Amino acid sequence: MKLLDILKFSEEYLKKYSFSKPRLESEKVIAFVLKLDRITLYAYFDMELTLEQKEKIKDYLKVMARKRVTFDELPKEELEKESEKDFSSENRELLLKSMDYLKKNDVLDSKLDVEYIFAHVLNVKRAILSMNLKREITAKEKEEIRTLLYKRAKEKKPLQYILGEWEFYGLPFKVDERVLIPRADTEILVEQCKFILKEIESPKVLDIGTGSGAISVTIAKEIPTSSVLGADISLEALEVAVENRKLNDVEKNLKFIKSDVFSNIKDIDFDMIISNPPYIPQEEYEELMPEVKLHEPKGALTDKGDGYYFYEKISSEAPAHLKEGGYLAFEVGYNQAQEVSKMMEKNNFDIVAIVRDYGGIERVVIGRKNGEKVVNETN
């Protein structure tokens, strides 16, 4: 039962006993039991309460109802005794030791990772973790924290897979080792495509190599009038994509299909084809950090060649599946934009945009089938 549900229950309970301000009284009780400031209570609306916390809240409500007293009128001795239990110092020491442990095991951003792991186990948002350190961390929670820290430090498991969920373009996405972790660079691809698609009435979009569904789900969410098809050769990846479609409530305008590039794609009237294909050359793949090489799916990272196989294949086959004037949009590697542009031009695409990422690297290439040639480099 989540905090918001408990709050509603408590308010209804006190209403039955004719409390004049049942919501306020409920907030005071719950904030006290959870050792939170009442004004920040709603930041924890999806927090799962422990059985002990729920029972304590019920006990206070019962006493208030039986004695017909407000929370502020409850016996102060008992409240003061409870309020003395502050585990902040102990918990902060545990945080620091955890950060040191990750740092000694060569985890680059040990502070960030520890905060995410603690917030995950304690079921709070990382931004307000520090406000939730007054309560005792149970033995069970400590054991779970230790397990996750070990996975991060020794097994080099990426934080995103440990948490099981990651944010992309402001939306939540389930992620595990069946799919590539959504990255910020890909948000630039989505943003540029969105600008174009918003100018098209009911656009029809194909996302090749959809993986977790990050691109296709986001496009479907951001442009509700669109019709989006996500394709991937991996059934395991498509299982994750389907979960994310449901999680983000875009089941009406997003479908998925198993397809090796265009092998199972029959439609020939897409307004846009988008792809973030495997583009890391095999020799560079061998040098990747262990978090990536040991855990993320190899087939989503490299074409086992020079990194250009899928750009060539998609560029050559895309025209047959696009409307006249339709767009082809790629995410590319740090030194690939110019070569990919040449491939697209060879296949009857005019380059309309080469967009740089936040590090100044040419990251997105967009071409238009038979479109008017307008090269636009965005910094």
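All of the numbers you see were taken from the coordinates with simple rules; none came from a lab. Since we're looking at a predicted model, the values are computed, not measured. For neighbour counting, all protein chains shown are included, and Cβ atoms are generated from backbone atoms with ideal geometry for every residue, glycine included.
Numerical summary
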quantity: Subset of LYS156/LYS346; LYS104/LYS194; LYS156/LYS221; LYS246/LYS298; LYS134/LYS293 violating a 31 Å alpha-carbon distance limit; calculated: LYS156/LYS346; LYS104/LYS194; LYS156/LYS221; LYS134/LYS293
quantity: Debye-sum result for the range 208-266 in log10 I(q)/I(0), which assumes one identical scatterer on each alpha carbon, at q = 0.13, 0.14, 0.28 Å⁻¹; calculated: -0.26, -0.31, -1.12
quantity: Selected from GLN192, ASN248, LEU41, residue furthest toward positive end of dipole (the chain; charges at beta carbon); calculated: LEU41
quantity: GNM top mover of ALA353, ALA214, ALA43 - the chain, alpha-carbon springs below 10 Å; calculated: ALA43
quantity: For q = 0.24 Å⁻¹, Debye-computed log10 I/I(0) when each Cα of the range 33-134 counts as one equal scatterer; calculated: -1.34
quantity: Computed over the range 3-83: relative contact order in percent, which uses C-alpha pairs under 8 Å that are six or more apart; calculated: 34
quantity: Calculated log₁₀ intensity ratio I(q)/I(0) where the Debye formula runs over C-alpha points of the range 3-83, q = 0.17, 0.23 Å⁻¹; calculated: -0.61, -1.16
quantity: Residue-averaged 222 nm ellipticity for the chain, from DSSP H runs of 4+ at -39500 (n - 2.57), nearest 500; calculated: -13000 deg cm²/dmol
quantity: Cα centroid separation, the range 296-322 to the range 174-220 (Å); calculated: 16
quantity: Dipole axis of the range 165-378 (+1 Lys, Arg; -1 Asp, Glu on Cβ), positive-most option in PRO277, SER216, GLY360; calculated: SER216
quantity: Dimensionless Rg over Rh [the range 92-164; C-alpha; Kirkwood]; calculated: 0.93
quantity: Computed magnitude of the charge dipole of the chain (debye, nearest 20; Cβ of K, R +1, Cβ of D, E -1); calculated: 1540
quantity: In order through the range 156-172: 3J(HN,Hα) via Karplus (6.51 cos²θ - 1.76 cosθ + 1.60), integer Hz, x for Gly, Pro; calculated: 6, 6, x, 3, 4, 6, 5, 6, x, 7, 8, 8, 9, 6, x, 10, x
quantity: Residue with peak Gaussian network fluctuation, the chain [Cα springs, cutoff 10 Å], from GLY230, GLY213, GLY164; calculated: GLY164
quantity: Distance in nm between pseudo-label sites at LYS140 and VAL292 (7 Å out along the Cβ direction from Cα); calculated: 3.9
quantity: At 1.567 mPa s and 4 °C, Stokes D of the range 264-336 from Kirkwood alpha-carbon radius, µm² per second; calculated: 96
quantity: Listed residues ILE215, ILE39, ILE274, most fluctuating in the chain (Gaussian network, C-alpha, under 10 Å); calculated: ILE39
quantity: Straight-distance crosslink candidates among lysines, where the alpha carbon sits under 17 Å from LYS8 and sequence neighbours closer than 8 are dropped; calculated: LYS16, LYS21, LYS28, LYS54, LYS56, LYS58, LYS62
quantity: Quarter of Cα convex hull surface for the range 232-379, i.e. mean projection, nm²; calculated: 9.8
quantity: Per residue convex hull volume, Cα atoms of the range 96-218, in Å³; calculated: 127
quantity: Where Rh is the Kirkwood radius over Cα pairs, Rg/Rh for the chain; calculated: 1.09
quantity: Charge dipole of the chain about the Cα centre (unit charges at C-beta), most positive-ward option of LEU24, HIS321, VAL261; calculated: LEU24
quantity: FRET efficiency estimate (nearest 0.05) - Cβ-Cβ, GLU165 to MET131, R0 22 angstrom; calculated: 0.55
quantity: For a label point 7 Å along the Cα-to-beta-carbon line of ASP260, residues of the range 193-233 with backbone N under 12 Å; calculated: 233
quantity: In degrees, nearest ten, helix 110-122 long axis to first principal axis of the chain (Cα); calculated: 60
